[in-house]
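Below: one structure, written as structure tokens.
Read-outs throughout are calculated quantities, based only on the coordinates presented, and are distinct from any laboratory measurement. This is a predicted model, so every value here is computed, not measured. Note that each Cβ is placed from the backbone with ideal geometry, even for glycine, and that neighbours are counted across all protein chains shown.
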Amino acid sequence: MHSVIRTMDERMRKSIDSFKLEIAKLRTGRAHPSILDHVRIDYYGTETPLSQVANITVSDARTLVISPWEKRTVPLIEKAILNSDLGLNPATSGEVIRVPMPALTEDRRRELIKVVRNEAEAARVGIRNVRRDANAALKELLKQKSITEDEERRLTENVQKQTDKCIQEVEQLLTAKEADLLAV
């Protein structure tokens, strides 16, 4: 019975982590190194994350500075950023690549808020599916007479409390990201 609760906790955490990862990809007009987290380059025949071949820093609120560890990777990094779906235009000066963040228009902000809300709903649905699976597992344990009705009721309440807590965390993340997107 504790394995059911532990598995449920892990799966709910994964839903929240996935949501965090998805909203981190959405740019807010401010420079942040995590924007480039999913950009990969062909490094000696292997798809390698940008953060493993270069140092990514923020020079000011709207500019990222990428310092590759090998000079030959500069054009590869530039091409990878241009080919990503981020809409960024890197500017190379010697061995340093500067990536200015374009300002977001009001329409684009509204679009991004819709995307964030859809991602939040997907996370909530995922958490509810985990709750359903956990409750079904508890009912199965009750049917097999592995746990008593009182234990099943108590554990079901714990499942609901954990579900509410996780959904509340998703709501907080959603609110913070919306405020971040609306900040000019």
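With a point put 7 Å past each Cα toward its Cβ, work out how far Glu149 is from Thr48 in nm, to one decimal.
6.3
Given charges of +1 on the Cβ of Lys and Arg and -1 on the Cβ of Asp and Glu, with all other atoms neutral, how large is the dipole of the chain about its Cα centre, in debye to the nearest 20?
Details: 31 positive and 29 negative charges, 30 e Å.
Magnitude of the dipole: close to 140 debye.
Provide the per-residue ³J(HN,Hα) series for the stretch 60-72, in order, calculated from phi with Karplus coefficients 6.51, -1.76, 1.60 and θ = phi - 60°, each as a whole number of Hz, with x at glycine and proline positions.
Couplings: 8, 4, 10, 9, 9, 10, 10, 10, x, 7, 10, 4, 5 Hz.
Straight-line reach from Lys25: which lysines fall under 16 Å, measuring Cα to Cα and dropping same-chain residues less than 8 apart?
Within the straight-line cut-off, Lys25 pairs with Lys114, Lys177.
HN-Hα J couplings of the stretch 86-98 from phi, Karplus 6.51/-1.76/1.60, θ = phi - 60°, integer Hz, Gly and Pro as x?
Taking θ as phi minus 60°, the curve returns 8, x, 9, 10, x, 10, 9, 9, x, 9, 10, 10, 9 Hz for the stretch 86-98.
Within the chain, what is the longest stretch that has no GluC sites (Glu not before Pro) placed in a DSSP loop and near at most 15 other beta-carbon atoms within 10 Å? Could you put the intermediate results ahead of the total?
On the way: sites that count: Glu70, Glu95.
Answer from the scan: 96-184.
What is the spin-label model distance, in nm, from Asn158 to Ala122 if the labels are put 7 Å beyond Cα along the C-beta direction?
Reported label-point gap for Asn158 and Ala122 is 3.2 nm.
Using Cβ counts within 10 Å as a stand-in for footprinting exposure, how do Lys143, Lys25 rank, fewest first?
On the way: Lys143 10, Lys25 15.
Lowest count first: Lys143, Lys25.
Which whole-number value in Å³ per residue fits the convex hull of the alpha carbons of the chain?
Details: hull volume 24.1 nm³, N = 184.
Each residue corresponds to 131 Å³ of Cα convex hull volume.
Calculate the translational D of the stretch 143-184 in whole µm² s⁻¹ from Stokes-Einstein, where the hydrodynamic radius comes from the Kirkwood formula applied to all Cα pairs, the temperature is 10 °C and the viscosity 1.306 mPa s. Show your work: numbers first, answer last.
On the way: Rh = 12.8 Å.
The Stokes-Einstein estimate is 124 µm²/s.
Mind checking the alpha-carbon convex hull of the stretch 99-173 and giving the volume per residue in Å³?
Numbers: hull volume 7.3 nm³, N = 75.
So the per-residue Cα hull volume is 98 Å³.
In deg cm²/dmol, rounded to 500, what helix-only [θ] at 222 nm does the chain give when every DSSP H run of at least 4 residues adds -39500 (n - 2.57) and the total is split over its residues? All intermediate terms of the calculation are to be shown ahead of the outcome.
Working: 4 runs with 106 residues, N = 184.
Mean residue ellipticity, 222 nm, calculated: -20500 deg cm²/dmol.
I need the helices of the chain that pass two filters: whole DSSP H segments spanning 30 Å or more by Cα along the axis, and mean Kyte-Doolittle score no lower than 1.6.
Numbers: long enough: 2-25 (35 Å, -0.65); 106-143 (55 Å, -0.82); 149-182 (49 Å, -1.10).
In the chain, no H run is both long and hydrophobic enough.
Could you give me D for the stretch 33-100, from Stokes-Einstein at 20 °C and 1.002 mPa s, where the hydrodynamic radius is the Kirkwood radius over C-alpha pairs? Units µm² s⁻¹, please. Present the calculation step by step, with values, prior to reporting the outcome.
Numbers: Rh = 11.7 Å.
Calculated translational D: 183 µm²/s.
Along Cα→Cβ, 7 Å out, is where each label goes; now give me the distance between the ones at Glu171 and Asp17 in nm to one decimal.
Each label point lies 7 Å from its Cα, and together they span 2.5 nm.
For His2 and Asp60 in one chain, what is 0.36 nm times their gap in residues minus the Cα-Cα distance, to one decimal in nm? Before the final figure, lay out the partial values.
Numbers: separation 58, 0.36 × 58 = 20.88 nm, distance 4.88 nm.
Gain on extension, His2 to Asp60, equals 16.0 nm.
Taking amide H positions as placed in the peptide plane 1.01 Å from N, state which residues far from Ile41 in sequence (5 or more) or on other chains have amide H under 5 Å from it.
When sequence neighbours closer than 5 places are left aside, the close amide H contacts are Thr48, Leu50.
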